[in-house]
Amino acid sequence: MYQLINVDVDMRRAKKVKKWINERGPAWTVLHTLRWLIIKYMGIFTYLIEKLERLLIRIEKHKFLTGEGTICSLYHTIEENKKRWNRYDWSYGGGEEWTKDVKRLKGIDPHQWKANLINKMMKKYITEGSTVLEIGPGAGRWTEILLKRVKQLLVADISERCLKICKERFKDRSNIEYFLIKDGGLNFIRTNSTDYIWSYDVFVHMNPTDIERYLAEFHRILKPNGVAIIHHAGTYPDESEDYVRKEKFRSYIDKEFFAYLVKKHQMKTLEQNETLAHSPGDVITTFMNVR
(Lines give C-alpha, C1' and ligand atoms only; values in the text may rest on other atoms or scores of the structure.)
Protein backbone atom coordinates (compact mmCIF):
# COMPACT_ATOMS: atom_id res chain seq x y z
CA MET A 1 0.00 0.00 0.00
CA TYR A 2 2.84 2.39 0.93
CA GLN A 3 4.53 1.72 -2.44
CA LEU A 4 1.26 2.41 -4.32
CA ILE A 5 0.88 5.73 -2.53
CA ASN A 6 4.46 6.68 -3.42
CA VAL A 7 3.86 5.77 -7.08
CA ASP A 8 0.71 7.90 -7.14
CA VAL A 9 2.55 10.86 -5.59
CA ASP A 10 5.42 10.49 -8.07
CA MET A 11 2.99 10.35 -11.01
CA ARG A 12 1.19 13.50 -9.85
CA ARG A 13 4.53 15.21 -9.40
CA ALA A 14 5.60 14.16 -12.92
CA LYS A 15 2.38 15.57 -14.42
CA LYS A 16 2.90 18.82 -12.55
CA VAL A 17 6.51 19.06 -13.76
CA LYS A 18 5.42 18.50 -17.36
CA LYS A 19 2.78 21.22 -17.01
CA TRP A 20 5.30 23.62 -15.47
CA ILE A 21 7.81 23.05 -18.29
CA ASN A 22 5.14 24.06 -20.80
CA GLU A 23 3.84 27.03 -18.82
CA ARG A 24 6.89 28.32 -16.93
CA GLY A 25 9.83 27.03 -18.94
CA PRO A 26 12.57 24.45 -18.27
CA ALA A 27 14.89 26.78 -16.31
CA TRP A 28 12.26 27.64 -13.68
CA THR A 29 11.11 24.00 -13.47
CA VAL A 30 14.64 22.62 -12.99
CA LEU A 31 15.50 25.17 -10.28
CA HIS A 32 12.17 24.63 -8.52
CA THR A 33 12.60 20.83 -8.61
CA LEU A 34 16.17 21.17 -7.28
CA ARG A 35 14.90 23.28 -4.40
CA TRP A 36 12.22 20.68 -3.64
CA LEU A 37 14.77 17.82 -3.69
CA ILE A 38 17.16 19.67 -1.36
CA ILE A 39 14.41 20.35 1.17
CA LYS A 40 13.02 16.80 0.97
CA TYR A 41 16.21 14.73 1.01
CA MET A 42 18.97 16.93 2.42
CA GLY A 43 17.19 19.04 5.02
CA ILE A 44 17.17 22.80 5.03
CA PHE A 45 20.36 24.32 3.61
CA THR A 46 19.35 27.94 4.13
CA TYR A 47 22.04 29.61 2.02
CA LEU A 48 21.57 27.30 -0.97
CA ILE A 49 17.77 27.50 -0.84
CA GLU A 50 17.88 31.31 -0.64
CA LYS A 51 20.18 31.39 -3.67
CA LEU A 52 17.80 29.16 -5.65
CA GLU A 53 14.81 31.21 -4.58
CA ARG A 54 16.45 34.44 -5.77
CA LEU A 55 16.99 32.86 -9.19
CA LEU A 56 13.41 31.57 -9.28
CA ILE A 57 11.98 34.94 -8.26
CA ARG A 58 14.01 36.63 -10.99
CA ILE A 59 12.50 34.28 -13.58
CA GLU A 60 8.99 34.71 -12.15
CA LYS A 61 9.23 38.49 -12.37
CA HIS A 62 10.70 38.37 -15.88
CA LYS A 63 8.02 35.95 -17.16
CA PHE A 64 5.17 37.39 -15.03
CA LEU A 65 4.46 34.05 -13.34
CA THR A 66 1.77 33.65 -10.68
CA GLY A 67 -0.07 30.74 -9.10
CA GLU A 68 0.62 27.54 -7.23
CA GLY A 69 4.27 26.69 -6.68
CA THR A 70 5.69 30.12 -7.46
CA ILE A 71 8.23 31.29 -4.89
CA CYS A 72 6.77 34.80 -4.88
CA SER A 73 3.47 33.36 -3.65
CA LEU A 74 5.16 31.77 -0.62
CA TYR A 75 5.86 35.18 0.86
CA HIS A 76 3.68 38.20 1.74
CA THR A 77 0.66 35.92 2.01
CA ILE A 78 -2.86 36.74 3.18
CA GLU A 79 -2.17 34.83 6.41
CA GLU A 80 1.02 36.81 7.10
CA ASN A 81 -0.70 40.10 6.39
CA LYS A 82 -3.70 39.28 8.54
CA LYS A 83 -1.49 38.34 11.48
CA ARG A 84 0.74 41.41 11.04
CA TRP A 85 -2.02 44.02 10.85
CA ASN A 86 -4.22 42.49 13.55
CA ARG A 87 -1.24 42.68 15.91
CA TYR A 88 0.01 46.09 14.82
CA ASP A 89 -0.12 48.91 17.39
CA TRP A 90 -2.38 51.36 15.56
CA SER A 91 -2.42 53.67 18.59
CA TYR A 92 1.13 54.79 17.75
CA GLY A 93 0.12 57.04 14.87
CA GLY A 94 -2.99 55.63 13.23
CA GLY A 95 -1.05 55.10 10.00
CA GLU A 96 0.30 58.66 9.90
CA GLU A 97 3.68 57.32 11.02
CA TRP A 98 4.19 56.28 7.39
CA THR A 99 3.19 59.76 6.23
CA LYS A 100 5.94 61.15 8.48
CA ASP A 101 8.44 58.69 6.91
CA VAL A 102 8.47 60.74 3.70
CA LYS A 103 10.61 63.39 5.44
CA ARG A 104 13.31 60.83 6.18
CA LEU A 105 12.97 58.92 2.92
CA LYS A 106 12.56 61.76 0.41
CA GLY A 107 13.20 64.96 2.34
CA ILE A 108 9.64 66.18 1.71
CA ASP A 109 7.39 67.84 4.28
CA PRO A 110 4.81 65.15 5.26
CA HIS A 111 1.83 67.53 5.11
CA GLN A 112 2.88 68.75 1.66
CA TRP A 113 3.41 65.19 0.43
CA LYS A 114 -0.04 64.10 1.58
CA ALA A 115 -1.67 67.18 0.02
CA ASN A 116 0.15 66.47 -3.27
CA LEU A 117 -1.04 62.86 -3.31
CA ILE A 118 -4.63 63.89 -2.60
CA ASN A 119 -4.65 66.66 -5.22
CA LYS A 120 -2.60 65.00 -7.96
CA MET A 121 -3.95 61.47 -7.64
CA MET A 122 -7.10 61.11 -5.54
CA LYS A 123 -8.91 64.27 -6.67
CA LYS A 124 -7.56 63.95 -10.21
CA TYR A 125 -9.40 60.66 -10.76
CA ILE A 126 -12.09 60.29 -8.09
CA THR A 127 -15.06 62.56 -8.78
CA GLU A 128 -17.40 63.82 -6.07
CA GLY A 129 -20.64 61.96 -5.43
CA SER A 130 -19.28 58.59 -6.56
CA THR A 131 -19.18 55.07 -5.11
CA VAL A 132 -15.66 54.13 -3.99
CA LEU A 133 -14.10 50.96 -2.63
CA GLU A 134 -11.11 51.33 -0.32
CA ILE A 135 -9.02 48.20 0.20
CA GLY A 136 -7.12 48.12 3.49
CA PRO A 137 -8.10 51.30 5.37
CA GLY A 138 -5.83 50.58 8.35
CA ALA A 139 -6.88 53.12 10.98
CA GLY A 140 -8.57 55.33 8.40
CA ARG A 141 -5.99 57.93 7.33
CA TRP A 142 -7.29 57.92 3.72
CA THR A 143 -10.83 56.92 4.69
CA GLU A 144 -11.22 60.28 6.40
CA ILE A 145 -10.41 62.12 3.15
CA LEU A 146 -12.54 59.88 0.94
CA LEU A 147 -15.63 60.22 3.14
CA LYS A 148 -15.71 63.96 2.50
CA ARG A 149 -15.66 63.41 -1.25
CA VAL A 150 -17.81 60.38 -2.09
CA LYS A 151 -21.48 59.49 -1.97
CA GLN A 152 -20.84 55.97 -0.70
CA LEU A 153 -17.61 54.46 0.62
CA LEU A 154 -17.13 50.70 0.83
CA VAL A 155 -14.29 49.77 3.15
CA ALA A 156 -12.82 46.26 2.96
CA ASP A 157 -9.99 44.70 4.95
CA ILE A 158 -8.63 41.29 5.96
CA SER A 159 -8.01 42.65 9.46
CA GLU A 160 -10.92 42.54 11.88
CA ARG A 161 -9.02 44.94 14.12
CA CYS A 162 -8.67 47.59 11.43
CA LEU A 163 -12.38 47.44 10.65
CA LYS A 164 -13.20 47.75 14.35
CA ILE A 165 -10.99 50.86 14.65
CA CYS A 166 -12.62 52.45 11.60
CA LYS A 167 -16.13 51.64 12.77
CA GLU A 168 -15.43 53.44 16.03
CA ARG A 169 -13.67 56.37 14.37
CA PHE A 170 -16.37 56.96 11.76
CA LYS A 171 -19.42 55.86 13.77
CA ASP A 172 -21.20 59.14 13.03
CA ARG A 173 -20.88 58.80 9.26
CA SER A 174 -23.80 57.29 7.34
CA ASN A 175 -22.16 56.95 3.91
CA ILE A 176 -19.78 54.12 4.80
CA GLU A 177 -20.09 50.30 4.78
CA TYR A 178 -17.61 47.77 6.17
CA PHE A 179 -16.66 44.36 4.79
CA LEU A 180 -14.30 41.68 6.09
CA ILE A 181 -12.32 39.97 3.32
CA LYS A 182 -12.25 36.29 4.24
CA ASP A 183 -10.90 34.49 1.17
CA GLY A 184 -9.04 37.13 -0.78
CA GLY A 185 -12.18 37.76 -2.84
CA LEU A 186 -14.71 40.57 -3.08
CA ASN A 187 -17.85 38.52 -3.60
CA PHE A 188 -19.77 40.81 -1.23
CA ILE A 189 -19.62 43.60 -3.85
CA ARG A 190 -22.01 43.54 -6.80
CA THR A 191 -20.81 43.39 -10.41
CA ASN A 192 -20.54 46.77 -12.20
CA SER A 193 -21.33 48.64 -8.99
CA THR A 194 -18.18 50.62 -8.19
CA ASP A 195 -16.92 53.85 -9.76
CA TYR A 196 -13.45 53.90 -8.22
CA ILE A 197 -11.06 51.82 -6.13
CA TRP A 198 -8.42 53.33 -3.84
CA SER A 199 -5.70 51.49 -1.94
CA TYR A 200 -2.54 52.96 -0.46
CA ASP A 201 0.12 51.15 1.62
CA VAL A 202 -1.68 47.83 1.13
CA PHE A 203 -0.75 46.14 -2.16
CA VAL A 204 2.92 46.81 -1.41
CA HIS A 205 2.58 43.90 1.04
CA MET A 206 0.76 41.45 -1.29
CA ASN A 207 2.36 38.77 -3.42
CA PRO A 208 1.67 38.69 -7.20
CA THR A 209 -0.74 35.74 -6.98
CA ASP A 210 -2.95 37.52 -4.44
CA ILE A 211 -2.69 40.77 -6.39
CA GLU A 212 -3.91 39.00 -9.52
CA ARG A 213 -6.89 37.60 -7.61
CA TYR A 214 -7.88 41.13 -6.63
CA LEU A 215 -7.37 42.49 -10.15
CA ALA A 216 -9.73 39.86 -11.55
CA GLU A 217 -12.31 41.04 -9.02
CA PHE A 218 -11.67 44.69 -9.90
CA HIS A 219 -12.57 43.96 -13.52
CA ARG A 220 -15.84 42.45 -12.33
CA ILE A 221 -16.94 45.11 -9.83
CA LEU A 222 -15.79 48.29 -11.58
CA LYS A 223 -18.25 50.02 -13.86
CA PRO A 224 -17.18 50.49 -17.51
CA ASN A 225 -14.41 53.12 -17.50
CA GLY A 226 -14.19 52.86 -13.71
CA VAL A 227 -10.72 53.62 -12.35
CA ALA A 228 -8.50 52.01 -9.69
CA ILE A 229 -5.58 53.74 -7.96
CA ILE A 230 -3.25 51.20 -6.37
CA HIS A 231 0.04 51.74 -4.52
CA HIS A 232 2.29 48.69 -4.86
CA ALA A 233 5.88 47.50 -4.60
CA GLY A 234 8.40 48.25 -7.34
CA THR A 235 12.13 48.02 -8.01
CA TYR A 236 14.77 48.61 -5.34
CA PRO A 237 18.60 48.83 -5.35
CA ASP A 238 20.36 45.47 -5.08
CA GLU A 239 22.10 46.45 -1.85
CA SER A 240 18.79 47.12 -0.09
CA GLU A 241 16.72 44.37 -1.73
CA ASP A 242 16.67 41.98 1.24
CA TYR A 243 15.95 44.77 3.73
CA VAL A 244 13.09 46.15 1.63
CA ARG A 245 11.47 42.76 0.98
CA LYS A 246 11.83 41.41 4.52
CA GLU A 247 12.00 44.32 6.96
CA LYS A 248 9.73 46.73 5.05
CA PHE A 249 7.65 43.74 3.90
CA ARG A 250 7.57 44.80 0.22
CA SER A 251 6.41 42.01 -2.12
CA TYR A 252 8.16 40.62 -5.20
CA ILE A 253 6.47 42.62 -7.94
CA ASP A 254 7.45 45.63 -10.05
CA LYS A 255 5.63 48.09 -12.30
CA GLU A 256 6.06 45.96 -15.45
CA PHE A 257 4.67 42.88 -13.69
CA PHE A 258 1.73 44.87 -12.29
CA ALA A 259 0.95 46.45 -15.68
CA TYR A 260 1.02 43.00 -17.29
CA LEU A 261 -1.56 41.68 -14.79
CA VAL A 262 -3.75 44.74 -15.35
CA LYS A 263 -3.76 44.09 -19.11
CA LYS A 264 -4.27 40.35 -18.60
CA HIS A 265 -7.55 41.13 -16.83
CA GLN A 266 -8.83 43.40 -19.58
CA MET A 267 -8.02 46.73 -17.99
CA LYS A 268 -5.89 49.61 -19.28
CA THR A 269 -3.00 51.26 -17.43
CA LEU A 270 -3.37 55.05 -17.40
CA GLU A 271 -0.21 55.98 -15.50
CA GLN A 272 2.48 54.59 -13.24
CA ASN A 273 3.78 57.22 -10.83
CA GLU A 274 6.86 56.76 -8.65
CA THR A 275 7.24 60.44 -7.67
CA LEU A 276 4.10 60.60 -5.53
CA ALA A 277 4.81 57.37 -3.62
CA HIS A 278 6.23 58.14 -0.16
CA SER A 279 8.90 55.41 -0.27
CA PRO A 280 11.58 55.27 -3.01
CA GLY A 281 11.01 52.40 -5.41
CA ASP A 282 7.28 52.11 -4.72
CA VAL A 283 4.80 52.73 -7.54
CA ILE A 284 1.24 54.05 -7.80
CA THR A 285 -0.51 52.50 -10.79
CA THR A 286 -3.78 53.96 -12.07
CA PHE A 287 -5.83 51.89 -14.49
CA MET A 288 -9.24 51.84 -16.13
CA ASN A 289 -11.76 49.05 -16.60
CA VAL A 290 -12.30 48.39 -20.31
CA ARG A 291 -15.36 46.43 -21.42
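The values are calculated or read from the model by the stated rules, or taken from the named source; none is laboratory data. None of the values given here were measured: they were computed from a predicted structure. All Cβ positions, even for glycine, are placed from backbone atoms using ideal geometry, and neighbour counts span all protein chains on display. The accessibility values were calculated without ligands, DNA or RNA, using every heavy atom of the protein model including side chains. Shrake-Rupley method; radii C 1.70, N 1.55, O 1.52, S 1.80 Å.
Ranked from the most accessible area to the least, with a 1.4 Å probe and all protein chains present, what is the order of Met42, Met121?
Met42, Met121
Report the gain in length on full extension from Lys248 to Arg84: 0.36 nm times residue separation, minus Cα-Cα distance, nm rounded to one decimal.
57.8 nm
Along the stretch 243-256, what does the Karplus equation 6.51 cos²θ - 1.76 cosθ + 1.60 (θ = phi - 60°) give for ³J(HN,Hα), rounded to whole Hz, x for Gly and Pro?
4, 5, 6, 9, 6, 8, 6, 7, 7, 8, 8, 9, 5, 5
For the stretch 109-222, what class follows from the C-alpha gyration tensor (a ≥ b ≥ c being the square roots of its eigenvalues): rounded when a/c is under 1.5, otherwise prolate if a/b is larger than b/c, else oblate?
rounded
What shape does the stretch 93-150 take by its C-alpha gyration tensor, where a ≥ b ≥ c are the square roots of the eigenvalues and a/c under 1.5 counts as rounded, a/b above b/c as prolate, and the rest as oblate? Please list the in-between numbers first.
Values: a/c = 2.89, a/b = 1.56, b/c = 1.85.
Note, shape of the stretch 93-150 comes out oblate.
Rounded to the nearest 10 Å², what accessible area does Val102 have for a 1.4 Å probe in the complete protein model?
In the full protein context, Val102 sits at about 0 Å².
Rounded to the nearest 10 degrees, what's the angle between the helix 46-63 long axis and the longest principal axis of the chain, both from Cα atoms, 0 to 90?
60 degrees
How large is the dipole of the chain about the Cα centre if only Lys and Arg carry +1 and Asp and Glu carry -1, each at its Cβ, rounded to the nearest 20 debye?
The calculation lands at about 560 debye.
Starting from the stretch 196-291, pick out the GluC sites (Glu not before Pro) whose DSSP state is loop and whose Cβ has at most 16 other Cβ atoms within 10 Å.
Sites meeting the loop and neighbour criteria: Glu274.
As a test of reading the structure, rank Lys51, Lys171 by solvent-accessible area (1.4 Å probe, protein chains only), most first.
Details: Lys51 100, Lys171 130 Å².
Output order, biggest surface exposure first: Lys171, Lys51.
Heavy-atom accessible area per residue, the stretch 1-153, 1.4 Å probe: how many Å²? Before the final figure, lay out the partial values.
Values: 9190 Å² over 153 residues.
It amounts to 60 Å² per residue over the stretch 1-153.
Percent of accessible area on the chain owned by carbon and sulfur, 1.4 Å probe?
Solvent-exposed carbon and sulfur of the chain make up 54 percent of the total.
In whole Hz and in residue order, list the ³J(HN,Hα) couplings for the stretch 149-160 that follow from phi through the Karplus curve 6.51 cos²θ - 1.76 cosθ + 1.60, θ = phi - 60°; x for Gly and Pro.
Per residue, the Karplus-derived 3J(HN,Hα) values read 10, 9, 7, 9, 10, 9, 10, 10, 8, 7, 9, 4 Hz.
Give me the extension gain from Arg58 to Lys18: residue separation times 0.36 nm, minus the current Cα-Cα distance, reported in nm with one decimal.
12.3 nm
So, R0 is 35 Å and r is the distance between the beta-carbons of Glu241 and Thr191; what FRET efficiency does that work out to, to 0.05?
After rounding to 0.05, the efficiency reads 0.35.
Which aspartates and glutamates does Lys223 reach when only Cα atoms under 12 Å apart count, and residues fewer than 8 places away in its own chain are ignored?
Asp195
Can you sort Phe45, Phe257 by solvent-accessible area, 1.4 Å probe, largest first?
Phe45, Phe257
Based on Cβ point charges of +1 for Lys and Arg and -1 for Asp and Glu, what charge dipole magnitude is obtained for the stretch 100-196 about its Cα centre, in debye rounded to the nearest 20?
400 debye
Report ³J(HN,Hα) in whole Hz for each residue of the stretch 276-286, in order, from the Karplus equation J = 6.51 cos²θ - 1.76 cosθ + 1.60 where θ = phi - 60°; Gly and Pro get x.
7, 5, 6, 10, x, x, 5, 9, 10, 9, 10
Answer rounded, prolate or oblate for the stretch 160-205, using the Cα gyration tensor with square roots of eigenvalues a ≥ b ≥ c: rounded when a/c is under 1.5, else prolate when a/b is larger than b/c, else oblate.
oblate
Assuming 0.36 nm per residue, please report the length gained on full extension of the stretch Glu96 to Ala216 beyond their Cα-Cα distance. Intermediate results must be reported in sequence, preceding the final value.
On the way: separation 120, 0.36 × 120 = 43.20 nm, distance 3.02 nm.
Full extension from Glu96 to Ala216 adds 40.2 nm.
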